[in-house]
1. So residue 139 clears everything in (1) buried (at least 20 other Cβ atoms within 10 Å of the Cβ); (2) part of a loop (DSSP other than H, G, I, E, B) except one condition, right? Which one?
2. Test residue 149 against the stated conditions and say whether it is modelled with pLDDT under 95 and either surrounded by fewer than 14 Cβ atoms within 10 Å (Cβ to Cβ) or in contact with a helix residue (DSSP H, G or I) (Cβ under 6 Å, 6 or more places away or on another chain) (or both).
3. If residue 70 satisfies every condition in (1) in contact (Cβ under 8 Å) with a residue 40 or more places away in the chain; (2) surrounded by 17 or more Cβ atoms within 10 Å (Cβ to Cβ) but one, which is the exception?
4. Just to be sure before I move on: is residue 13 modelled with pLDDT under 95 and touching a Phe, Trp or Tyr at 6+ places or on another chain (Cβ under 8 Å) in the structure I sent?
5. Looking at 134, 116 in this structure, which one is in contact with a Pro (Cβ under 8 Å, 6 or more places away or on another chain) and assigned to a helix (DSSP H, G or I)?
Amino acid sequence: MTNEQRRLRMMIITALFAAIIGVMAQITIPLPLVPITGQTLAIGLAATILGARYGTLSVILYVIIGAAGIPVFAEMKAGVSVLVGPTGGYLFSFIPTAFFIGWFLEKTSFTIKNALIANIIGMLITLTLGTVWLKVAASLSWTEAFAGGFTPFIIVGIIKAILASWIGILVRNRLISANLLLTIKSA
C-alpha cells in the first residue's frame, strides 16, 4: 500500500469518527444548563483509537461541520450560535481534550491503564474549560457554573472514561491487527 493510500484511509477513518461523534451527540440526558451526551464518550474513543493527530482532526472536523449548519451538536443543534452559547466551551474543549488523550497515549503506550488516565484527565480538561465558558456565556457565579456545568458530570464522565479506554484500546488493537489503522510509527 502506498503512502497516499494510507493517508486516504486515515482521512476516511477520521471523517468516520467525526460522524460517530455527531451521532453519539444525539444520545442525551437533558439537564437545566448542559445536557449529558454521548459525544464525550465518542471524543475519548476517537482519541484513544486514532491518537493525537487523527483524533484531534476528527474533533475539529466535527466542530466545523456543526458550525457550518449541519445539526450534529447535542439535541440536533448546529451553527455558530451554539459555539458562542453556554455550551460552546465544551465543544471547543473537545479539541485540546482529544489532542491530550492521543498525545498521552503516544508518549506512554496504548494500554487500558494509560488510556484510563488520559481519558480521566481529558474529562477534567473538558469540564474545566466548559465550565469557565459557561460562567461567562451564561453570566453565572462560579458556584452556579460549577454546580451546573462541572459537578453533575463527574460520575458519568468517569464511566465514559472507563468505556472509552476499554473499548478504544480493544478496537484499536483489532484495527491494527487487521491492518486497517496506521500505528504512530508509520503515520
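The values are calculated or read from the model by the stated rules, or taken from the named source; none is laboratory data. For clarity, every value in this text was computed on a predicted model and none was experimentally measured. Virtual Cβ from ideal backbone geometry, glycine too; neighbours counted across all protein chains shown.
1. Of everything listed in (1) buried (at least 20 other Cβ atoms within 10 Å of the Cβ); (2) part of a loop (DSSP other than H, G, I, E, B), residue 139 misses just condition (1).
2. On the way: modelled with pLDDT under 95: yes; either surrounded by fewer than 14 Cβ atoms within 10 Å (Cβ to Cβ) or in contact with a helix residue (DSSP H, G or I) (Cβ under 6 Å, 6 or more places away or on another chain) (or both): yes.
So residue 149 fits the description; yes.
3. In the conditions (1) in contact (Cβ under 8 Å) with a residue 40 or more places away in the chain; (2) surrounded by 17 or more Cβ atoms within 10 Å (Cβ to Cβ), residue 70 misses (2) alone.
4. Details: modelled with pLDDT under 95: no; touching a Phe, Trp or Tyr at 6+ places or on another chain (Cβ under 8 Å): yes.
No.
5. Values: 116 fails: in contact with a Pro (Cβ under 8 Å, 6 or more places away or on another chain).
None of the other options fit; the residue is 134.
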